[in-house]
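Read through the structure below, which is laid out as structure tokens, and then see the notes.
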Amino acid sequence: MKRVLLSVLIVILSLLTSCSKESENSNNTVKISGFVKSSNNIPEENVKVSILNFENLTKYTDSEGYFEIEGVVKGKHDLTLLKNNVNSNSEVFVQRTLSVTANEDTNLNALLLPNPVILNPASEITSSSALLSWNKSTDNSFREYKLYRHNSSGIDEKTGTLVHVTTDINKISFFNNGLNNSETYFYRVFVSDEFGSIGGSNIINFKTQSIQVVKNGSFENLTNNLPDNWSLEANDFGNPKNTITIDNTDATDGVNSIKIYHAEEKGCFEQWIKQSIEDNVLIEGAKYKLTFDYKSDFSSANSLVNLVLRNWNNSLSEWYRIDLTFINDGQWRSVNFEFTLPSKFDNANIKLMTHFCVYAKGNYWIDNLHMERIK
């Protein structure tokens, strides 16, 4: 009988203790509620409202922008409002964090989200620069704009390269210099306050203008009957009859072409045409295409041209072999040759040299020589 009474007593004490704890917890927690609106005072639906550091204290606003979080421990908390997919754009988000002291059930009434920052399409795009601009933030806790750049649309504050920071809320544009030609860039701007990001913009992209690597590739611009930008080396020391001249009677582009006379039956180190390339035009690891037209008054299946790219310190010294078939039929033929540059080299004082290795005696013509980046 004593054991039964003892068991009943233990159960009663347990119930009393549990009720006491529930009462204590109930007295120590409050409810926080409110309405979330846009900066234009329009109710915002599906806004994530969270008490920081409490994963279970998260609610989403309804169609009227209302939220209600129960079980919040009394005291001071950081309340975060997060709206994704702003204006049906999955890239844009706005966020606001504010300190709330709640020692009793608290209604925060209307909480305003900052207006989203939208990147405008880039303007004044050149081969090496572009102007980026966005709308002004209206958030009272604004701290800074951060502009990020990346080579793909997967751009955020971790993957992107930070290219510009300003703490002036009125500075809403940036001229980005030092870009590569013929390259596609992606940009996104983030807005921050003392708590962190309060907004991420849409992502824009553009391609910088292309640059024709070779100047005067059709040999139309002449000074003293020599093509501007080009150095012609017939190597008449090897044979005084070797010549490189301008022919204004036959061309595929304009009226001029380069006419080369090879006085030997064969010779790989006889004749060159060379041109200096502007610094920082060629891009490391980029893919290029060399094109030119050619014809001859002889036939040869064993000839070739070497495209040589070389700089002063030989950190770049690349030879690309292009096999040619000369046919004595009076017809112009075209060459399209693609190649990829090394991933690392000193992009300064580079010369482009075309070295012809001809196993025949006679004339051949070169015209419309161009080189451009394709990837």
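The values are calculated or read from the model by the stated rules, or taken from the named source; none is laboratory data. Since this is a predicted model, take the numbers as computed values, not measurements. Don't worry about glycine lacking a Cβ; one is built from the backbone with ideal geometry, like all the others, and counts go over all protein chains shown. Surface accessibility is based on the protein's heavy atoms, side chains included, excluding ligands, DNA and RNA. Shrake-Rupley method; radii C 1.70, N 1.55, O 1.52, S 1.80 Å.
It is to be established whether one or more residues within the stretch 211-218 are surrounded by fewer than 16 Cβ atoms within 10 Å (Cβ to Cβ) and polar (S, T, N, Q). Scanning the stretch 211-218 turns up at least one residue that is surrounded by fewer than 16 Cβ atoms within 10 Å (Cβ to Cβ) and polar (S, T, N, Q).
Here is a yes/no grid of residues against (1) in a strand (DSSP E or B); (2) without any contact (Cβ under 8 Å) to a residue 40 or more places away in the chain:
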{"position": "I273", "(1), (2)": "yes, no"}
{"position": "G285", "(1), (2)": "no, no"}
{"position": "D293", "(1), (2)": "yes, no"}
{"position": "F298", "(1), (2)": "no, no"}
{"position": "N302", "(1), (2)": "yes, no"}
{"position": "R321", "(1), (2)": "yes, yes"}
{"position": "A348", "(1), (2)": "no, no"}
{"position": "Y364", "(1), (2)": "yes, no"}
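L352 satisfies every condition listed in (1) part of a loop (DSSP other than H, G, I, E, B); (2) closer than 22 Å to E270 by Cα except (1).
Where strands (runs of 3 or more DSSP E) fall entirely within the stretch 155-243, those with at least 1 residues that are more than 29 Å from L79 (Cβ to Cβ) are at 161-166, 173-176, 184-193, 204-207, 231-233. Remark: pairs (first residue in the stretch 44-71, under 15 Å from K31 (Cα atoms); second residue among the small types (G, A, S) and open to solvent by less than 70 Å² (accessible area, probe 1.4 Å); Cβ separation under 6 Å; 6+ apart in sequence or on different chains) = T58/S50; E68/S33. Here the stretch 74-115 is the region considered, the condition is being of a type in the set (S, T, Y) and open to solvent by 50 Å² or more (accessible area, probe 1.4 Å), and the residue that is farthest from D156 (Cα to Cα) is T101. Within the stretch 234-251, restricting attention to residues that are touching a residue at least 40 places away in the same chain (Cβ under 8 Å) and more than 41 Å from the chain's Cα centre (by Cα), the residue that is surrounded by the fewest Cβ atoms within 10 Å (Cβ to Cβ) is D250. So for the stretch 337-349 (the condition being of a type outside the set (D, E, K, R) and over 19 Å from G285 (Cα atoms)), does at least one residue qualify? No: zero hits.
Could we say that E68 is surrounded by fewer than 20 Cβ atoms within 10 Å (Cβ to Cβ) and modelled with pLDDT of 95 or more here? Yes. Within the stretch 252-283, the set of residues being at pLDDT 90 or above, open to solvent by less than 30 Å² (accessible area, probe 1.4 Å) and not polar (S, T, N, Q) comprises I258, I260, H262, A263, I273, I277, V281, L282, I283. When the stretch 116-145 is filtered for residues that are of a type outside the set (A, V, I, L, M, F, W, C) and open to solvent by 40 Å² or more (accessible area, probe 1.4 Å), the ones remaining, listed by number, are N120, P121, S123, E124, T126, S128, N135, K136, T138, N140, S141, R143.
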